[in-house]
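Asker: Here you go, one structure.
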Amino acid sequence: MNRFLAPFAIAASAAVVASVVSMTVFASPADDALVIDGELEMTTRTTSIEGHPLSEVISGWHYRTDDTRTLQQDSFDNPGMLGVEEGEVYWNTVEGTEGKSCATCHDDASVSMAGVGSSYPKWSEKLGKPINVELQINQCRTENMGAEAYKFDKEGQKPLTAYIKHQSQGEPVALNLEEGEMQQWWERGKETYYQRTGQLNLSCATCHEDNNGKYIRADHISQGNVNGFPTYRLKQSNLISLHNRFRGCIRDTRAEYPAAFSDELMGLEVYTTWRGTGLSVETPAVRQ
Amino acid sequence: MAGKPRVKIPKSVTAGDVITIKTLIKHKMESGQRKDKEGNTIPRDIINKFEASFNGSVVFSADLDPAVSANPYIEFSARVEEAGTFMMKWTDDAGTVTEFSKDIAIKG
Amino acid sequence: MNISRRAWLSTSAAATAAAFFGISGSAIASIEDVEKLISEFGGGATAEAGGPLKLTTPEIAENGNSVPVSVSVESPMTDDDYVESILVMAGDNPSPDIATFHFTPASGVAKASIRMRLAKTQDVFAVAKTNSGKLYKVSNNVKVTIGGCGG
């Protein structure tokens, strides 16, 4: 975008944003506490990690209506748990040439997978880039099980990812950016986060940092944290993966959207996960 | 195709108590209103009936229409006078029945 | 929230006017469909507004795909006096039926909850029928929001 047009483009996009984001309608995130099954207290608001542009990080849970928030309070009522249970079935299903299931090596997921949901994405020496749970599953399948990698969002990918991350429910998100080149990928993700794209010339920050708490049409804009993915979205009545959400949001800025698990989205996953440091893993979260 | 159902029933109750039973089952509940990429209507495919029986007698049932959300959630009540078995049945448009049974004991 | 007889009448007047002027809208057709369903369900009996029947719906539905709805009727639920069925309908969906609940005295309480799909902001109706043929009806308006964006 040349320098002459840039101010107009920014003004135009600001106008677009202003027209859909009501500048006068602001609602505080709901004053409520998330306690799963009356037992597991969740951290849904906390002081942000050092270097974070916002002073407090708030879970998307607080921006939803009473009824939506209530669905997540009870493991039985939470429709996302259907996906988690489906994941458990996949976990125990033998697949591939080696005659193994996830359980063959990893046994009880509640033990072996504890801490995975809160610490991924991690650095992968093998791949030379960050690896998330979806890609880790595929790596295990191809290298250890002799099974085919799952295609994006297909078959067991979402349920298994939800099942594995669910084992860290309640644990605070905490990434290790010291390993390998994680820091560089964090930088890359940060750049993506603040980069305006598309006909609407919006960046993630435009909505989630600058305008959280305001309404875009009837959607209460959250901070855009990712601690609840895969998430059960009422819109699709289904578990939705993080990269699906990234692609959807970017598509809605009327930009070409990157491929799932592309370098761009992996960097963004690292950065957005980092922004939610301290929040409890909520998988499966319930959102609109 | 319906997935595995989830049913929440207390394990034991005092005779005469009225309990709340919650059920959830995975199902697309294809309404018959949606169109595919080519513009063809995706045929209706829903769970159209739910029935709860206790020791063989129907306690509660529901006729469901396409306006019921995917992954149907049904909550209802039952008075339990004696120990026995609850049997839940979900029937879809093709006539396939998914069953789930759970025993309940009487306290004391 | 109960619908008054006046409200029912004004709806019918609007329907007549619309028909006269040749305006066909799915909204108008659905109210007539709802009235037809109630008539079939109740065997032509007159429904009393409210009474022991309660319909619980949110004021604003975060997403029309999954809107919680509960119905309950205060009733002794004995063999002599119990609620037989409750019919739940939408006034402005492609088709008015949502669900019909059937109770027995063994239900203990005439109460049921589900999650429904609402195509847009509209009235949701509930009609209850007892074993003696008594009919009650109630309606609530539910606002269905259009989201901002995202996937």
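Asker: Kindly provide log₁₀ I(q)/I(0) values, in the same order as q = 0.11, 0.12 Å⁻¹, from the Debye equation applied to equal alpha-carbon scatterers of region A:25-161.
Answerer: For region A:25-161, the Cα-only Debye profile gives -0.57, -0.66.
Asker: While we're on this one: Would you calculate, for the protein assembly as shown, the mean residue ellipticity at 222 nm contributed by helices, counting each DSSP H stretch of 4 or more residues as -39,500 (n - 2.57) and dividing by all residues, to the nearest 500?
Answerer: On the way: 14 runs with 142 residues, N = 547.
When only DSSP H runs of four or more count, the value is -7500 deg cm²/dmol.
Asker: Pairs of alpha-carbon atoms within less than 8 angstrom and 6+ residues apart define the contacts here; what relative contact order does chain B have, in percent? Don't skip to the end; give the middle numbers.
Answerer: On the way: 243 pairs, mean separation 34.7, N = 108.
Taking the mean separation of contacting Cα pairs over the length of chain B, I get 32 percent.
Asker: Local charge sum around B:Thr85 (other residues, Cβ-Cβ under 10 Å, Lys/Arg +1, Asp/Glu -1)?
Answerer: Working: positive: B:Lys102; negative: B:Asp103.
Cβ neighbours under 10 Å give a net charge of 0.
Asker: Ratio of Rg to Rh for region C:57-151, alpha carbon only, Kirkwood? Present the calculation step by step, with values, prior to reporting the outcome.
Answerer: Working: Rg = 15.1 Å, Rh = 14.2 Å.
Rounded to two decimals, Rg over Rh is 1.06.
Asker: So what is the relative contact order for region C:106-151, in percent, with contacts set as C-alpha pairs under 8 Å and at least six apart? The partial results should precede the final answer.
Answerer: Values: 38 pairs, mean separation 16.2, N = 46.
Computed value for region C:106-151: 35 percent relative contact order.
Asker: Could you tell me, in Å, what Rg and Dmax come out for the Cα atoms of region C:64-113?
Answerer: Rg then Dmax for region C:64-113, in Å: 12.8, 39.
Asker: While we're looking at this one, here's another question. Once you average over the residues of A:225-238, how many Cβ atoms of partner chains fall within 10 Å of each Cβ?
Answerer: Working: counts 0, 0, 0, 0, 0, 0, 0, 2, 5, 11, 8, 4, 11, 5.
Whole-number average of other-chain Cβ neighbours for A:225-238 is 3.
Asker: On to the next question. Express the relative contact order of chain A as a whole percentage, based on alpha carbon pairs under 8 Å and six or more residues apart in sequence.
Answerer: On the way: 528 pairs, mean separation 76.9, N = 288.
The normalised contact order for chain A reaches 27 percent.
Asker: Using a 10 Å cut-off around each Cβ of peptide B:29-41, what is the average number of partner chain Cβ atoms that fall inside? If you can, show how the numbers build up before the last one.
Answerer: Working: counts 2, 0, 4, 2, 5, 0, 0, 0, 0, 0, 0, 0, 0.
That average works out to 1.
Asker: Still on this model: At 1.002 mPa s and 20 °C, plugging the Kirkwood radius over alpha-carbon pairs of region A:139-288 into Stokes-Einstein gives what diffusion coefficient in µm²/s? List each step's numbers first, then the result.
Answerer: Details: Rh = 16.4 Å.
Here the translational diffusion coefficient equals 131 µm²/s.
Asker: Between A:Asp219 and residues 5 or more places away or on another chain, which pairs have amide H atoms under 5 Å apart, with H built 1.01 Å from N, and which residues are they?
Answerer: C:Gly148
Asker: A follow-up question, please. Calculate the all-directions average of the projected area of the protein assembly as shown's alpha-carbon convex hull, and give it in nm². All intermediate terms of the calculation are to be shown ahead of the outcome.
Answerer: On the way: hull surface 121.6 nm².
The number I arrive at for the protein assembly as shown is 30.4 nm².
Asker: For A:Ser101, enumerate residues with amide H under 5 Å from its amide H, sequence gap 5+ or separate chain, H modeled in the peptide plane.
Answerer: Close amide H contacts, sequence-distant or interchain: A:Glu95.
Asker: Return the average number of partner chain Cβ atoms within 10 angstrom of each residue Cβ along peptide B:16-25.
Answerer: Working: counts 1, 1, 6, 2, 4, 0, 4, 2, 7, 1.
Counting Cβ atoms of other protein chains within 10 Å of each residue's Cβ and averaging gives 3.
Asker: May I ask you to evaluate 6.51 cos²θ - 1.76 cosθ + 1.60, the Karplus curve with θ = phi - 60°, for each residue of region A:178-191 and list the ³J(HN,Hα) values in order in whole Hz, giving x for glycine and proline?
Answerer: With coefficients 6.51, -1.76 and 1.60, one gets 7, 6, x, 9, 3, 4, 5, 5, 5, 4, 4, x, 5, 4 Hz.
Asker: Same structure, new question: Pull out a ≥ b ≥ c, the square roots of the eigenvalues of the alpha-carbon gyration tensor of chain B, then state rounded if a/c is under 1.5, prolate if not and a/b is larger than b/c, and oblate in the remaining case. List each step's numbers first, then the result.
Answerer: Working: a/c = 3.18, a/b = 3.00, b/c = 1.06.
Note, shape of chain B comes out prolate.
Asker: Principal axes first, then extents: for the Cα atoms of region C:103-151, list largest minus smallest coordinate on each axis, whole Å, largest first.
Answerer: Computed over region C:103-151, the largest-to-smallest principal extents equal 49, 20, 12 Å.
Asker: For region A:131-182, just say rounded, prolate or oblate: build the C-alpha gyration tensor, square-root its eigenvalues into a ≥ b ≥ c, call rounded for a/c under 1.5, and beyond that prolate if a/b exceeds b/c, oblate if not.
Answerer: It is oblate, given that a/c is not under 1.5 and a/b is not larger than b/c.
Asker: Right, something else. Loop sites only, by DSSP: take the trypsin sites (Lys or Arg not before Pro) in chain B that have at most 15 other C-beta atoms within 10 Å and name the longest stretch containing none of them. Kindly include the intermediate steps, with their values, before the conclusion.
Answerer: Working: sites that count: B:Lys11, B:Arg34, B:Lys37, B:Arg44, B:Lys107.
That gives B:45-106 as the longest site-free run.
Asker: Name the lysines eligible as straight-distance cross-link partners of A:Lys122: C-alpha to C-alpha under 16 Å, and not fewer than 8 places from it in the same chain.
Answerer: A:Lys165
Asker: Here is a follow-up. What are the residues whose amide H is under 5 Å from the amide H of B:Phe100, where those residues sit 5 or more places off or on another chain and H is modelled from the backbone?
Answerer: Hits under the 5 Å cutoff: B:Met88.
Asker: Follow-up question, since we're still on this one. Residue by residue through region B:49-56, which ³J(HN,Hα) values in whole Hz follow from phi under the Karplus form 6.51 cos²θ - 1.76 cosθ + 1.60 (θ = phi - 60°), with glycine and proline marked x?
Answerer: Ordered by residue, 3J(HN,Hα) equals 8, 10, 9, 10, 10, 10, 6, x Hz.
All of the numbers you see were taken from the coordinates with simple rules; none came from a lab. Predicted model only: the values in this text are computed from it and were never measured. Reconstructed Cβ throughout: ideal geometry from the backbone, glycine too, with neighbour counts over all protein chains shown.
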